[in-house]
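Everything below concerns the one structure shown next.
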Amino acid sequence: QVQLVESGGGLVQPGGSLTLSCAATGGVSTVYNMGWYRQAPGTQRELVATITSRKTTNYAPSVKGRFTNARDNAKDTVSLQMNSLLPEDTAIYFCKADIYSTYDGRRAAYWGQGTQVTVSS
């Protein structure tokens, strides 16, 4: 079964940095777009950043210039380097990847389990 395993969340002070990582495992044949979404309490899940297999990136206006999305195609991993963090960046962050699986021979979107990021003094 394809799984996305996330790591790297935590508590950080405003202005600090964190790096999130996500690895696709289990029957992965081809990984297409990868990216990050976040959901704060009482709000809808929103796009943070995406990256294509050719490493073209796209960012939400609220994080552009502060966050960097990168991927390692050889390892099927994606990371999100978050700098100059603000209290409004507090949310659960989810990794998402568009993957062709060898288990069922189809392409589908998969989500990670989510990792909490809290920005507070």
Exercise. How long is the gain from A40 to A108 if the chain were fully straight, where each residue apart is worth 0.36 nm and the alpha carbon distance is subtracted?
Worked result: 22.0 nm
For this session: Evaluate region 26-121: find the radius of gyration of its Cα atoms, find its Kirkwood radius, and give the ratio Rg to Rh.
Result: 1.00
Exercise. In square angstrom, what is the accessible area per residue of region 9-121 with a 1.4 angstrom probe?
Worked result: 52
For this session: Starting from the Cα gyration tensor of region 1-41, multiply each eigenvalue by 5, take the square root, and state the resulting semi-axes largest first in whole Å.
Result: 26, 11, 10
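Please report, in debye to the nearest 20, how large the charge dipole of region 3-111 is about its Cα centre when each Lys and Arg carries +1 at its beta carbon and each Asp and Glu carries -1 there.
Result for region 3-111 is approximately 260 debye, rounded to the nearest 20.
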For this session: Take the solvent-accessible surface of the protein heavy atoms, probe 1.4 Å, and return the percent of it on the chain that carbon and sulfur atoms account for.
Result: 48
For this session: Kindly rank 89-100, 57-68 from highest to lowest mean number of other beta carbons found within 10 Å of each residue.
Result: 89-100, 57-68
Seminar exercise, completed: Comparing Q44, Q81, Q13 in a Gaussian network model of the chain (Cα, 10 Å), the one with the largest mean-square fluctuation is Q44
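The values are calculated or read from the model by the stated rules, or taken from the named source; none is laboratory data. Everything quoted here is computed from the prediction, not taken from an experiment. Cβ sites come from the backbone with ideal geometry, for glycine too, and all protein chains shown count toward neighbours. We work out accessible area using only protein heavy atoms, side chains counted, and drop any ligands, DNA or RNA first. Shrake-Rupley method; radii C 1.70, N 1.55, O 1.52, S 1.80 Å.
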